[in-house]
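Notes to accompany the following structure.
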Amino acid sequence: GNTGKIQGGGVQGAVDLAGTNGALNLAAGTYSLPSTLYIHNKGLTLTGAGEGTTTLDGSGISNNFAMRVRADDVSLSGFTVSGPGGISVYSQSPTTIHDASISHVTIDVGTAGYTGLTVAYTVGANVDHVTVDGTATGGAGSTGVQIIDASDVTLTNVTTPGNQYGVF
């Protein structure tokens, strides 16, 4: 895989170029996501400069997640995601995703009231130091973390302020 550092914009193109087992380091700043960011690269590591310092802004995306992970062994850390829905680690049946890692990530679902983090049809996921902030929704219909047909999922230091449902 390739290793790269992005200074601004073009996140989907950089993810696609990173390839299998690639690493992508996002510098401090806000990266606008004009559409859902898809991660299809097995073994991709996507790292930001820190929560609140690096932001993937999907607030202009309507009725969808800002980020969708569709590959095994993906690691996400050190950034904030905003959008109507946050991050989806969700395989397309009949396949299963294996070994996802999400750490030190803040997800802001804005006012849309969708799910912040979905882990579905996945075997092995480690979610650590993740905040799903639903306070802008007033708690109307938002779910912090949703786990569907998944096994070996570990949640540690996960907070879901302002959501109607914390973990579902």
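The values are calculated or read from the model by the stated rules, or taken from the named source; none is laboratory data. Note that the structure is a prediction, hence the values are computed from the model and not measured. No Cβ is skipped: glycine too gets one built from the backbone with ideal geometry, and neighbour counts run over all protein chains shown. Accessible surface is based on the protein model in full, side chains and every heavy atom, while ligands, DNA and RNA are left aside. Shrake-Rupley method; radii C 1.70, N 1.55, O 1.52, S 1.80 Å.
Quick check on Leu24: is it in contact (Cβ under 8 Å) with a residue 40 or more places away in the chain, touching a helix residue (DSSP H, G or I) at 6+ places or on another chain (Cβ under 8 Å) and open to solvent by less than 60 Å² (accessible area, probe 1.4 Å)? Here the answer is no, as Leu24 does not meet what is asked.
Scanning segment 41-60 for residues that are of a type outside the set (Gly, Ala, Ser) and out of contact with any helix residue (DSSP H, G or I) (no Cβ under 8 Å at 6 or more places or on another chain) yields a total of 8. Among the residues of segment 2-17, none qualifies, meaning not one is part of a loop (DSSP other than H, G, I, E, B) and in contact with a Pro (Cβ under 9 Å, 6 or more places away or on another chain). Considered as a group, the residues in segment 47-74 that are of a type outside the set (Phe, Trp, Tyr) and under 10 Å from the mean Cα position of the chain (by Cα) include one that is surrounded by the fewest Cβ atoms within 10 Å (Cβ to Cβ), and that residue is Arg68.
Determine, yes or no, whether Asp73 is at positive phi, acidic (Asp, Glu) and not in a strand (DSSP E or B). Judged against the criteria, Asp73 is a match.
Report whether or not Gly43 is part of a loop (DSSP other than H, G, I, E, B) and at pLDDT below 95. Here the answer is no, as Gly43 does not meet what is asked. One residue stands out in segment 58-70 among those that are assigned to a loop (DSSP other than H, G, I, E, B) and of a type outside the set (Gly, Ala, Ser): the one that is farthest from Asp108 (Cα to Cα), namely Arg70. On the stretch given as segment 34-46, residues that are buried (at least 22 other Cβ atoms within 10 Å of the Cβ) and closer than 21 Å to Val145 by Cβ total 3.
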